[in-house]
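The structure appears below as structure tokens.
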Amino acid sequence: MLRVLRRPQLALLWSSQVLSAMGDYLYTIAVLWMAVRVGGSQAGLVAAAEWGAALAFGLLGGVYADRWNRRTVMIWTDVLRGVVVLALPVLAHFQALHIWQFVIVAILLGSVGTLFDPALQASLPALVGETDTLRAANGLMDLTRRLARAIGPSTAGLLILFLPLEQFFTLDAISFGLSAVAVLALGSRYAWKPERAAGAHRGPRGIVADIAGAVRLVVGRRALTWMLAALGIINGLWSVAFTLGTPLLAQQALHEGVGAYGLIVGAYGVGNAVANLIIGSLPGRRPVISFFSGKLVLGAGFLLVASAPVLWVALLGAAIAAIGGPMGDIPLATMLQTDLPAGQLGKVFSLRATLSSAGVFLGTLIAVPLFAHVDVRVGIALAAALMVTLGVAGLARFWPGEAVATEQKRQQLATNPGEALQLAEVIEGEDELVR
């Protein structure tokens, strides 16, 4: 996967997104802590506002990512987000921060941000080209937020020694600016704007028609329907097991402090990052099997976390669970980019993001009463068992069919003289990977 970084355009884009993800992590730490300091328990409104805006505008962002020039969309989205975030340190300087201002910023970031990710994901095929490299590029882009999760806590702890907390917002604004400059530097030679279908409607009617068309496109592919539905459910279960479950486990079951919780989060982030590097470098000719196998691994890891008698076992379980994320996310992104029309990618990626956000939102709502009535170990184990069940169901449904399809494709390559060299290179690459 690191060979992808030899391409200047991808190296530039990825580097800027790593910095942007780190800026987002610093923003999250600063905004939640300062919101608690300013508004107490009302700080929950800030997180809810951003998730609610992302849900409300998620599908709409994909529509315009497919209508407008995607490069322009990404540049202006970064500029707007940078300006919005920069308002917070200015207000802090004049000691004029109130909880409602954090809520407004969260709403603006959540709504405007729905344009960027679909535009970025939909642009990757034009920036990359061949499918094998596209899979590796997806792995690199997926790695950005996982790297932030892995190294974010230590980075934030180091920066707080030298900077006031409100300057974390300034760093986030700078990261948005760097991202905008990087996208601008890519130039206009790539296919940034998809061709609009003839007879397409404009206005509210056109928006509804575009969204409905994207949904029909996905529903017409059974494997993608299963994968996207499973993604929403799994994200809800993940919120139960990880977002609320792991801090409660560290405190109530392991009788440790916040440092132990930080170690669990760090172990999960490191597992994510390592798995990204490996999964993104594999050929990946059975994406559906990889996706549901990832859910199986995710659940198995959290089962180990739930049963952990001591901290180091919980760290091991978190690292194992983290492997499951890239096993599912990278193949799914590559399938969407290679199996669907270029003019529909923004809307389909928005649909994926909306389902993911809905799952996280509902999972967070369920987690609170769940852990109020059951032991934390039992709650995490229940969520993990459902993850394993969903993974097993997907494997049982699609393993035979995808195995047959893969074998037919290999036979077709082997019998086609024009593609014999390609097959030889594939086999040679697999042998090298095995060694």
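The values are calculated or read from the model by the stated rules, or taken from the named source; none is laboratory data. In this text, all values refer to a predicted model and were calculated from it rather than measured experimentally. Here the Cβ positions follow ideal geometry from the backbone for every residue, glycine too, while neighbour counts run over all protein chains shown. For the accessible areas, the whole protein counts, side chains as well, though only heavy atoms, and no ligand, DNA or RNA atoms are used. Shrake-Rupley method; radii C 1.70, N 1.55, O 1.52, S 1.80 Å.
For the residues 174, 160, 151, 99, the requirement of being open to solvent by 50 Å² or more (accessible area, probe 1.4 Å) and over 30 Å from residue 9 (Cβ atoms) singles out 160.
Just the residues that are polar (S, T, N, Q), at pLDDT below 90 and open to solvent by 20 Å² or more (accessible area, probe 1.4 Å), please, taken from segment 215-243. Correct list: 243 only. For segment 1-13, a tally of residues being crowded, with 19+ Cβ neighbours inside 10 Å and closer than 22 Å to residue 75 by Cβ returns 2.
Looking across segment 72-97, the residues that are out of contact with any helix residue (DSSP H, G or I) (no Cβ under 6 Å at 6 or more places or on another chain), on the phi < 0 side of the Ramachandran plot and not hydrophobic (A, V, I, L, M, F, W, C) come down to 72, 93.
How about segment 135-162: which of its residues are more than 26 Å from residue 3 (Cβ to Cβ) and assigned to a helix (DSSP H, G or I)? 152, 153, 154, 155, 156, 157, 158, 159, listed by residue number. Does residue 177 meet the test of being in a helix (DSSP H, G or I), over 20 Å from the mean Cα position of the chain (by Cα) and within 29 Å of residue 346 (Cα to Cα)? So residue 177 passes the test.
Consider residue 246 carefully, then state whether it is within 19 Å of residue 298 (Cβ to Cβ) and either of a type outside the set (Asp, Glu) or open to solvent by 30 Å² or more (accessible area, probe 1.4 Å) (or both).
Numbers: within 19 Å of residue 298 (Cβ to Cβ): yes; either of a type outside the set (Asp, Glu) or open to solvent by 30 Å² or more (accessible area, probe 1.4 Å) (or both): yes.
Yes: the conditions hold for residue 246.
For the criterion of being open to solvent by 20 Å² or more (accessible area, probe 1.4 Å), touching a helix residue (DSSP H, G or I) at 6+ places or on another chain (Cβ under 6 Å) and either free of Cβ contacts under 8 Å to residues at least 24 places away in the same chain or not in a helix (DSSP H, G or I) (or both), residue 165 passes. Just one of the listed residues (358, 322, 318) is open to solvent by 20 Å² or more (accessible area, probe 1.4 Å), under 17 Å from residue 239 (Cα atoms) and part of a helix (DSSP H, G or I), and it is 358.
Identify, please: which residue in segment 249-272 is assigned to a loop (DSSP other than H, G, I, E, B) and open to solvent by less than 50 Å² (accessible area, probe 1.4 Å) and is, among those, modelled with the highest pLDDT?
Here the answer is 254.
Assess whether residue 185 counts as being open to solvent by 40 Å² or more (accessible area, probe 1.4 Å), at pLDDT 90 or above and under 18 Å from the mean Cα position of the chain (by Cα). Considered against the rule, which asks whether it is open to solvent by 40 Å² or more (accessible area, probe 1.4 Å), at pLDDT 90 or above and under 18 Å from the mean Cα position of the chain (by Cα), residue 185 comes out as no. Of the residues 390, 382, 413, which is modelled with pLDDT under 90 and part of a helix (DSSP H, G or I)? After applying the criteria, what remains is 413.
Would you mind finding the one in 85, 38, 73 that is farther than 29 Å from residue 187 by Cα and either in contact (Cβ under 8 Å) with a residue 12 or more places away in the chain or in contact with a Ser or Thr (Cβ under 6 Å, 6 or more places away or on another chain) (or both)?
Details: 85 fails: farther than 29 Å from residue 187 by Cα; 73 fails: farther than 29 Å from residue 187 by Cα.
Criteria check complete, one pass: 38.
Within segment 112-134, residues that are without any contact (Cβ under 8 Å) to a residue 40 or more places away in the chain sit with their Cβ atoms under 6 Å from residues that are assigned to a helix (DSSP H, G or I), at 6+ positions apart or across chains, in these pairs: 112/77; 112/80; 112/81. Checked against the criterion of being without any contact (Cβ under 8 Å) to a residue 40 or more places away in the chain and out of contact with any His (no Cβ under 8 Å at 6 or more places or on another chain), the candidates 283, 309, 326 yield just one match: 309. The set of residues from segment 340-352 being open to solvent by 20 Å² or more (accessible area, probe 1.4 Å) and either in contact with a strand residue (DSSP E or B) (Cβ under 8 Å, 6 or more places away or on another chain) or modelled with pLDDT of 85 or more (or both) comprises 351, 352.
Every residue, every condition in (1) part of a helix (DSSP H, G or I); (2) in contact with a helix residue (DSSP H, G or I) (Cβ under 6 Å, 6 or more places away or on another chain); (3) within 29 Å of residue 400 (Cα to Cα); (4) open to solvent by 20 Å² or more (accessible area, probe 1.4 Å), yes or no:
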{"site": "274", "(1), (2), (3), (4)": "yes, no, no, yes"}
{"site": "278", "(1), (2), (3), (4)": "yes, no, yes, yes"}
{"site": "281", "(1), (2), (3), (4)": "no, no, yes, yes"}
{"site": "302", "(1), (2), (3), (4)": "yes, yes, yes, no"}
{"site": "312", "(1), (2), (3), (4)": "yes, no, no, yes"}
{"site": "333", "(1), (2), (3), (4)": "yes, yes, yes, no"}
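Within segment 76-94, does at least one residue satisfy the condition of being in a loop (DSSP other than H, G, I, E, B) and surrounded by fewer than 17 Cβ atoms within 10 Å (Cβ to Cβ)? So that I can check it myself, show each step before the final result.
The first filter runs over segment 76-94 and keeps only residues in a loop (DSSP other than H, G, I, E, B), leaving 94.
Checking the rest, the ones that are also surrounded by fewer than 17 Cβ atoms within 10 Å (Cβ to Cβ) come to 94.
Within segment 76-94 (the criterion being in a loop (DSSP other than H, G, I, E, B) and surrounded by fewer than 17 Cβ atoms within 10 Å (Cβ to Cβ)), the answer is yes, since at least one residue qualifies.
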